[in-house]
Every structure is written in C-alpha cells, then in structure tokens.
1. Looking at ALA222, ALA227, which is the one that is closer than 30 Å to ARG155 by Cβ, within 23 Å of the chain's Cα centre (by Cα) and open to solvent by 10 Å² or more (accessible area, probe 1.4 Å)?
2. I need every pair where a residue in segment 196-214 that is touching a residue at least 24 places away in the same chain (Cβ under 8 Å) has its Cβ under 7 Å from the Cβ of a residue that is away from ligand 4 (no atom under 16 Å from the Cβ) and outside any helix (DSSP H, G or I), sequence separation at least 6 or different chains.
3. Please find, among ARG290, ARG305, the residue that is away from ligand 4 (no atom under 15 Å from the Cβ), without any contact (Cβ under 8 Å) to a residue 40 or more places away in the chain and either outside any helix (DSSP H, G or I) or surrounded by 14 or more Cβ atoms within 10 Å (Cβ to Cβ) (or both).
4. Could you tell me which residue of segment 101-111 is least open to solvent (accessible area, probe 1.4 Å), considering only residues that are away from ligand 3 (no atom under 12 Å from the Cβ) and part of a strand (DSSP E or B)?
5. Look through segment 183-192, keep the residues that are part of a helix (DSSP H, G or I) and open to solvent by less than 50 Å² (accessible area, probe 1.4 Å), and return whichever of them is farthest from ILE85 (Cα to Cα).
6. For segment 264-278, what are the residues that are assigned to a loop (DSSP other than H, G, I, E, B) and either open to solvent by 40 Å² or more (accessible area, probe 1.4 Å) or among the charged types (D, E, K, R) (or both)?
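The values are calculated or read from the model by the stated rules, or taken from the named source; none is laboratory data. What you see is a predicted model, and the numbers here were worked out from it, not measured in a lab. When we count neighbours, we look across all protein chains shown, and the Cβ atoms used for this are built from the backbone with ideal geometry, even at glycine. The area values use the complete protein model at the heavy-atom level, side chains included, leaving out ligands, DNA and RNA. Shrake-Rupley method; radii C 1.70, N 1.55, O 1.52, S 1.80 Å.
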Amino acid sequence: MNRTAVPPPVTMVMEAAGTWLPRRMADVEKRLAEVVGSGGNRLGEDAAATLEAGGKRLRPMLVLLCAGPEASERATRAAAAVELIHMATLVHDDVLDAAPLRRGRPTVFSASGRERATAVGDLLLSRAFAELAVASPDLDEDAAAAGAERAASERQVALLADASVSLAMGELVQRRDAFDIGLDAERYLDRCLLKTARLFECACVIGRAADAAEEVLAQFGAEIGLAFQLLDDVLDVTGPPERTGKARGTDLLDGTVTLPLIWAREEDRSLGEVDLRALDVAGAEALCDRIAATGALERVRAEARGRVERAKGLVADAPVDAAQRELLGVVADGVVERYS
Ligand code: IPE
Ligand code: IPE
Ligand code: MG
Ligand code: MG
C-alpha cells in the first residue's frame, strides 16, 4: 500500500501496530487489485479507477485489527470483501446522491454516467460475495477441515449479507426522507445506523470466529460507525473539498437532511422554512454557512466524540488482548479526528 497516500489516523494505527498490520493490509490491497483488475474490460477500468483513487481503507483495517495478528487468510479475504462492498455502495451512493466528487476525483457517475456507475457498483458487489465463497483447494482430502471451512464461509456470507441489506435499506430510507426539512434526529440516527454503522459492526466481527468478545466488538463497531457518519455529515458542511475529496453541500443539494441542519434548526428557526428543492450550488454554500453560524457543528462533533468514548469504554472490559484494545482505541479516536 502507498502509505504516503494514507491520511494520518490510519497511518497512526499502522505505526502503532508494528509490522503485522501493514503487511496484512498490503495483502488486502493486492487482493483488491487482483479482484478488481480481473475484469479487463471498460467496466473493470471504472472499478479500478475507484480503487486507485485511494480511500482510507478503514473498514478492512478494522477487520484485520479485530481478527488479530494470528488470523487465517480468510480474514484477509473478509477484509477485501468488506472494502469491495464499501466501494460498491460508494459508486451506487454517488448515483443516488448525484455527487460530482469522490476521493478527490470525479465520481464514476459524473465521469461515465448513471448506467455505467450502476453496473460498476453491481460488479463490485458481486465480487465481494465471490471473495467469501472461495474454498481452500488443499482441504479437499480432509473432510472435517473442509466442513469447518465451509461453515466459516457461510458465517461470513451471512454477516456481509446482513450488512449489505441494511445499507440498501438505509439508502432507501434516505430517499424516502429526501427534502423533508422537518426530519427529526431519531429518524436521522436510525438511517445512519443502517447505511453506515452496520458495515462497521460487520467489519469488527467478520474476520473472527464467534466467541465471547463478539457482541461487544459488534457494539464497538456500531458506535464508531455512527460517530463516523456524524463526522462525515459535519465535513459535508465544512469542506473544504481539497481536504475531504468531496464537494461541499452535496447533502443539501440532494435534499439529504443531516444532524448539523436538524440541530441548527433548533437555534435558528428560520432554517425550518428553507426549500431544499430550490437550492443551487451557491445557495447550498450559503446554507452551509448559516448552519455553521449556529454552533450546531460543534454540537455534532461533541456527539460523535461521546460515541467514540462510549465505544472505547465498551472494549475496556472486553475479553480481547491489551494490544488489540489499544489499537481499537486509536482507530476510534481517528474516526472523529479527521478531515477526509
Ligand atoms: C464514506 O466512507 C461513506 C460514508 C459512510 C460516510 P469513507 O470516508 O470511509 O470513504 P473512503 O473509503 O475513505 O473514500
Ligand atoms: C454514506 O452516506 C453513504 C454510504 C454508506 C454508501 P453519504 O452519502 O454521506 O456518504 P458520502 O458523503 O457520499 O461519502
Ligand atoms: Mg453520498
Ligand atoms: Mg456524506
């Protein structure tokens, strides 16, 4: 992996982990390149561009961290599968959100159009599940080991399928609620749980065998996932695009009401009268400034930080080893201390 391209929080975790994590992350990166590059046609090129544009690789890192240094190759494949689902949903999300920029580059949607972006997302989604269905050929002779391998594969497919269903539901809920300026915080949080937190939750358990730590790691994942989306929604208001790699005000232009606006509305009642359908790019920028002026962004950041603290508290008593606990703490802090 090109570590100079990795933003600070991820770099910090990699450094704190010693050699094993960068080595495993490099394996994931190699696997992703193989999987995405194996198409060889134009669709494959679009998918490869999405891969090469970078990204924080936060979810595969969580898979590996939670699985630990001794995990089998199945954890590497699970990490690749989770990132492929993430990439697929970003490509589709940019169609749904009509987003111009992703990872500092034009989205597949804006560069190649809705049809191709739909197909690229489908390709990545299918490849993700194929990644988990790979059997180990060397186990053919050993029926018991082959059975255990099959059971592990089925468990991973079920976990990833659940997370993917949640994600799709979250996007549907977001469409249903689009342009509703009166949306409340509870509905907003339910949506974030589905569209973002569930995949983080999955990432924390999919690389491991089910054991006593599973439940608490799942909760840890859900909390930092929610914090992650809260911060993402702050960054949509603050920008700047040079740092976030995404256009400022994309959510507002798309009618997506997020917590910064919901809480800003409590301070400045006139924000409740805004017609989001009438916004143009300049209007969205101005609305971002009005939201920021209410102090709502600090409140949302504090909420995100509170969730990160709760997440760290959860793993404090979990039956995981001390080094793992510390690294999970570094990831959790990184979720709220970031600009992209
Ligand atoms: C973006 O996720 C989508 C959200 C859930 C907010 P990331 O910010 O992790 O995207 P990349 O992979 O780093 O580009
Ligand atoms: C998260 O929401 C999208 C997914 C979970 C796919 P956003 O729509 O806010 O994500 P960005 O800002 O486009 O990355
Ligand atoms: Mg989006
Ligand atoms: Mg966003």
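1. Numbers: ALA227 fails: open to solvent by 10 Å² or more (accessible area, probe 1.4 Å).
Going through ALA222, ALA227 in turn, just one is closer than 30 Å to ARG155 by Cβ, within 23 Å of the chain's Cα centre (by Cα) and open to solvent by 10 Å² or more (accessible area, probe 1.4 Å): ALA222.
2. Taking only residues 6 or more apart or on different chains, the pairs are GLY207/ALA71; ALA212/PRO319; ALA213/ALA318; ALA213/PRO319; ALA213/VAL320.
3. The conditions single out ARG290.
4. PRO106
5. My answer is ALA185.
6. Those that are assigned to a loop (DSSP other than H, G, I, E, B) and either open to solvent by 40 Å² or more (accessible area, probe 1.4 Å) or among the charged types (D, E, K, R) (or both): ASP268, ASP275.
The rows are residues; the columns are (1) in contact with a Leu (Cβ under 8 Å, 6 or more places away or on another chain); (2) open to solvent by less than 50 Å² (accessible area, probe 1.4 Å); (3) of a type outside the set (Phe, Trp, Tyr); (4) within 16 Å of ligand 4 (Cβ to nearest atom).
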position	(1), (2), (3), (4)
ALA67	no, yes, yes, no
ALA78	yes, yes, yes, no
GLY113	no, yes, yes, no
LEU125	yes, no, yes, no
LEU132	yes, yes, yes, no
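This table checks each residue for (1) part of a helix (DSSP H, G or I); (2) out of contact with any strand residue (DSSP E or B) (no Cβ under 9 Å at 6 or more places or on another chain); (3) more than 15 Å from ligand 1 (Cβ to nearest atom).
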{"residue": "ALA99", "(1), (2), (3)": "no, yes, no"}
{"residue": "ALA144", "(1), (2), (3)": "yes, yes, yes"}
{"residue": "ALA148", "(1), (2), (3)": "yes, yes, yes"}
{"residue": "ARG155", "(1), (2), (3)": "yes, yes, yes"}
{"residue": "ALA158", "(1), (2), (3)": "yes, yes, yes"}
{"residue": "SER166", "(1), (2), (3)": "yes, yes, no"}
